[in-house]
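Data block below; observations after.
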Amino acid sequence: VDLFVQKQTQSELNSFLWTIKRDPPSYFYGTIHVPYTRVWDFIPENSKQAFQESSIVCFELDLTDPYTISALSSCQLLPQGENLQDLLPRDIYRRLKTHLEYVKLMLPSWMTPDQRGKGLYADYLFNAIAGNWERKRPVWVMLMVNSLTEADIKTRGAPVLDLYLAQEAQRMRKRTGAVEKVEEQCHPLNGLSFSQVIFALNQTLLQQESLRAGGLQMPYTTEHLIKHYNCGDLNSIIFSHDTSQVPNFKNATLPASEQVTAQEIELYFRQELIYKRNERMGRRVRALLEEQPDKSFFFAFGLVSQRLNQIMLFLGTNLDFKALSKFVAVVL
């Protein structure tokens, strides 16, 4: 048993399920963006039962809708006729191209036997993640580079938890819905200034180059996130670092002017991707609950920076919430 887990009391092992006490009850469930196969066996029965008993399942976005996937892809692209080589400073473009060539070279050795056994090929995986990268906006290339690590590659192949729940809801013929539009997730990322995006891309490349050279170890990886989630550790600092997959650029070694830029970017993302989103989602959740008081909802949202707690605050005080603990102990 992990020593970290031993320190947790049973009441601290959260199931990431909150009940809204009404008749019939509705639920909030906190998800993470990792393959469902890595967490499903650790999700307690009370959460799975709530999902099965609910009549309507709502997500942030409807990932089973072809329009959603198409719109997410389109919003990442540069205007017609533009490409990264013409846009980026020459040195950053050269380093970016070199790093992607390194990733493509290393990717076969990063893949697991299980991935290969399921028919995943390195070239297919690289193209699925980084295909058409020269046509993408720099901010999306920055996020792409941040996800092209050995730890993240090893998790590819199975549907992420959110998508799996959506597929299961469809299979069970439940009504599904979404509380956000693609544009509401996309536009804030595209709203960074060009100088901020170049700074963010440069810092991301510096991090990856340092990782390649063996001079840096990432403090928080997908594996850390999975472990804490499976342990039901709601209070862990790990979740404060998962702000919609945006990397943290604050670094004590940066010059003062760059420290300011890093802080401005963090504050912008926190405001746009967390606080404003939480308030908007809270309003829409409340409207759904009030419009359909006879329905049982299951809201599956990303467990980001206490998102669900903030949404509950926005819903008001006349709804009664209860956080449920895991019914069984978790052994890693």
- Task: Kindly provide the set of residues from the stretch 77-133 that are among the β-branched types (Val, Ile, Thr) and within 23 Å of the chain's Cα centre (by Cα), ordered by number.
- Result: 103, 112, 129
- Only residues that are open to solvent by 20 Å² or more (accessible area, probe 1.4 Å) and in a helix (DSSP H, G or I): list them for the stretch 176-198, please. 183, 184, 185, 187, 190, 194, 195, 196, 198
- Message: Give all pairs with beta carbons closer than 7 Å in which a residue from the stretch 111-135 that is acidic (Asp, Glu) meets a residue that is part of a helix (DSSP H, G or I) and open to solvent by 90 Å² or more (accessible area, probe 1.4 Å); count only pairs at least 6 apart in sequence or on separate chains.
- Response: 134/85
- Query: Which members of the stretch 38-63 meet the condition of being open to solvent by 40 Å² or more (accessible area, probe 1.4 Å) and over 16 Å from the mean Cα position of the chain (by Cα)?
  - Reply: 40, 41, 42, 45, 49, 52, 53, 55
- Query: Of 322, 276, which residue is within 23 Å of residue 32 (Cα to Cα), open to solvent by 80 Å² or more (accessible area, probe 1.4 Å) and modelled with pLDDT of 85 or more?
  - Reply: 276
- Look through the stretch 10-37, keep the residues that are assigned to a helix (DSSP H, G or I) and either within 16 Å of the chain's Cα centre (by Cα) or modelled with pLDDT of 85 or more (or both), and return whichever of them is nearest to residue 293 (Cα to Cα). 36
- Query: So residue 173 fits all but one of (1) open to solvent by 30 Å² or more (accessible area, probe 1.4 Å); (2) assigned to a helix (DSSP H, G or I); (3) modelled with pLDDT of 90 or more; (4) not small (Gly, Ala, Ser); what number is the exception?
  - Reply: (2)
- Message: If residue 261 satisfies all but one of (1) modelled with pLDDT under 60; (2) of a type in the set (S, T, N, Q); (3) part of a helix (DSSP H, G or I), what's the number of the condition it fails?
- Response: (1)
- Residues of the stretch 73-101 being open to solvent by 40 Å² or more (accessible area, probe 1.4 Å), farther than 19 Å from residue 202 by Cα and not small (Gly, Ala, Ser), which ones? 77, 79, 80, 82
- Do the conditions hold for residue 158, that is, is it closer than 28 Å to residue 114 by Cβ and out of contact with any Gly (no Cβ under 8 Å at 6 or more places or on another chain)? yes
- Message: Only one of 118, 104 is of a type in the set (Lys, Arg), touching a helix residue (DSSP H, G or I) at 6+ places or on another chain (Cβ under 7 Å) and either surrounded by 12 or more Cβ atoms within 10 Å (Cβ to Cβ) or over 19 Å from residue 198 (Cα atoms) (or both). Can you tell me which?
- Response: 104
- Report whether or not residue 201 is out of contact with any Lys or Arg (no Cβ under 7 Å at 6 or more places or on another chain), open to solvent by less than 20 Å² (accessible area, probe 1.4 Å) and part of a helix (DSSP H, G or I). yes
- Query: Do you know which of the residues in the stretch 143-170 that are of a type in the set (Gly, Ala, Ser) and surrounded by 21 or more Cβ atoms within 10 Å (Cβ to Cβ) is nearest to residue 48 (Cα to Cα)?
  - Reply: 169
- Message: So if I check each of 271, 292, 306, which one is open to solvent by 40 Å² or more (accessible area, probe 1.4 Å) and modelled with pLDDT of 85 or more?
- Response: 271
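The values are calculated or read from the model by the stated rules, or taken from the named source; none is laboratory data. Note that this is a predicted model, so its numbers are computed, not measured. Here the Cβ is made from the backbone with ideal geometry for all residues, glycine too, and neighbour counts use every protein chain on show. Ligands, DNA and RNA are stripped out before the accessible areas are found, and what is left, the full protein with its side chains, is counted by its heavy atoms. Shrake-Rupley method; radii C 1.70, N 1.55, O 1.52, S 1.80 Å.
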